[in-house]
1. Taking neighbour Cβ counts within 10 Å as the exposure measure, how do 17, 148, 142, 193 sort from fewest upward?
2. Give me the tail of P(r) for segment 7-46 as a percent: Cα-Cα pairs with distance above 15 Å.
3. Given a Förster distance of 35 angstrom, what is the FRET efficiency for residue 211 paired with residue 15, based on the Cβ-Cβ distance and rounded to 0.05?
4. Can you give the percent of C-alpha pairs in segment 1-119 whose distance is more than 25 Å?
5. Between residue 50 and residue 101, how high is the FRET efficiency from 1/(1 + (r/R0)^6) when r is the Cβ-Cβ distance and R₀ = 35 Å? Nearest 0.05.
6. Order by neighbour count: 161, 33, 48, fewest other Cβ atoms within 10 Å first, most last.
7. Quick check: the angle from helix 129-141's long axis to the longest principal axis of the chain, C-alpha only, nearest 10 degrees?
8. Divide by every residue of the chain the summed helix terms, -39500 (n - 2.57) for each DSSP H run of at least 4, and state the resulting mean residue ellipticity at 222 nm, rounded to the nearest 500 deg cm²/dmol.
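Please treat every number below as a calculation from the coordinates, not as lab data. This one's a predicted model, so the numbers in the text were calculated from it and none came from an experiment. Virtual Cβ from ideal backbone geometry, glycine too; neighbours counted across all protein chains shown.
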């Protein structure tokens, strides 16, 4: 594929931000030997490029699985970005609207989304984008009955851990409190992996040998009117 950027562009970024790279990589950029094909290159017409896996294809495949399980899939987007905890609050609002009002889609359903969020690290915990998202989602949903979720990196590695992501259930917060875990403190410490590992809810797949960004699924099974809200959980940190 044609690439209009140049080695000189890359060197400019490295110098502007005072980034050190290995000597061999620096030599490759300075020599120009690392240049890519540029628009108009006569070799391009002979190249055929095919995408065999994409975030959208992953979401569509998940949607088919959902239909087979009797769930209505609702794809929110394959390129959702932003702070993981901010995205979690937004999707929590949508999930709660579905659970309580049947909008914009009626339960039972699954909200699917992809893309890659970011985490501004302020704590000392262990956590990647997906477990940070799920922990923030758990706090925002606060044990709402009938809402389950999974989030993971499709290559099997969330952050720098050999953990793909984690699971969220309506009793996640209650189980955490029973173990003496404080969800808000763990989120402030960016310790999503530590939090979900303690609950036995980490998802470990091993390397998948492909990467189509992150995958998130929020299942809304429906609400039992007799159950009330938040599974009876009190407001705690």
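1. Details: 17 7, 148 16, 142 20, 193 25.
So the ranking, lowest neighbour count to highest, is 17, 148, 142, 193.
2. Working: 379 of 780 pairs.
For segment 7-46, the fraction of Cα-Cα distances above 15 Å is 49 percent.
3. Values: r = 30 Å, r/R0 = 0.85.
The calculated FRET efficiency here is 0.75.
4. Details: 3814 of 7021 pairs.
When every Cα pair of segment 1-119 is considered, 54 percent fall beyond 25 Å.
5. Details: r = 42 Å, r/R0 = 1.21.
Working from the Cβ atoms, E equals 0.25.
6. Working: 161 19, 33 9, 48 5.
Ordered from fewest to most neighbouring Cβ atoms within 10 Å, 161, 33, 48 come out as 48, 33, 161.
7. It is inclined by approximately 30 degrees.
8. Numbers: 8 runs with 85 residues, N = 237.
Mean residue ellipticity at 222 nm (helix-derived): -10500 deg cm²/dmol.
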